[in-house]
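The values are calculated or read from the model by the stated rules, or taken from the named source; none is laboratory data. Since we're looking at a predicted model, the values are computed, not measured. Ideal geometry is used to build each Cβ from the backbone, glycine not excepted, and the neighbour counts take in all protein chains shown. The accessibility values were calculated without ligands, DNA or RNA, using every heavy atom of the protein model including side chains. Shrake-Rupley method; radii C 1.70, N 1.55, O 1.52, S 1.80 Å.
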Amino acid sequence: MRVGALSRELYIAGIPSEARIDDIKKFLEVYGPVSSIRLKPGFAFAHFEKDKDAADFMADFHGREVLGATLVVQYALPNTEKNQYQSSPSLYFTRSPDHRVIVTGLSKLVGWQVSRRSF
């Protein structure tokens, strides 16, 4: 189990595009106070005030279907890991729902998890 602030911040994927921060906050606060939420299209980062509240939410909702989508709930990566790939211009872009980006020329050592996490 993680200790400290890292164990309180969760990455939540599979969030419907029409969801708003207020909707998510009400949903999360059933488990305990939430100090911050960063909402992006399809996913969010939520920071609980207590480790146990984050762990309980993750245990209950990882893999659960909500509004037709399966949620992925994991501990968020530390900032150093999240930003490690953003220095490479071929892996970083701003997501736009009206455009499709094709990334080529990546090393075979870069798995889909790493490249997806960068977007």
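A few comments on the model shown:
- Close pairs (6 angstrom Cβ cut-off, 6 or more residues apart or separate chains): open to solvent by 60 Å² or more (accessible area, probe 1.4 Å) in the range 50-68, aromatic (Phe, Trp, Tyr) anywhere: none
- From the list VAL3, VAL30, the lone residue that is open to solvent by 60 Å² or more (accessible area, probe 1.4 Å), in contact with a helix residue (DSSP H, G or I) (Cβ under 9 Å, 6 or more places away or on another chain) and modelled with pLDDT of 90 or more is VAL30.
- For the range 33-49, the candidate set comprises residues that are open to solvent by less than 80 Å² (accessible area, probe 1.4 Å) and not aliphatic (A, V, I, L, M); within that set, the residue that is farthest from GLU9 (Cα to Cα) is GLY42.
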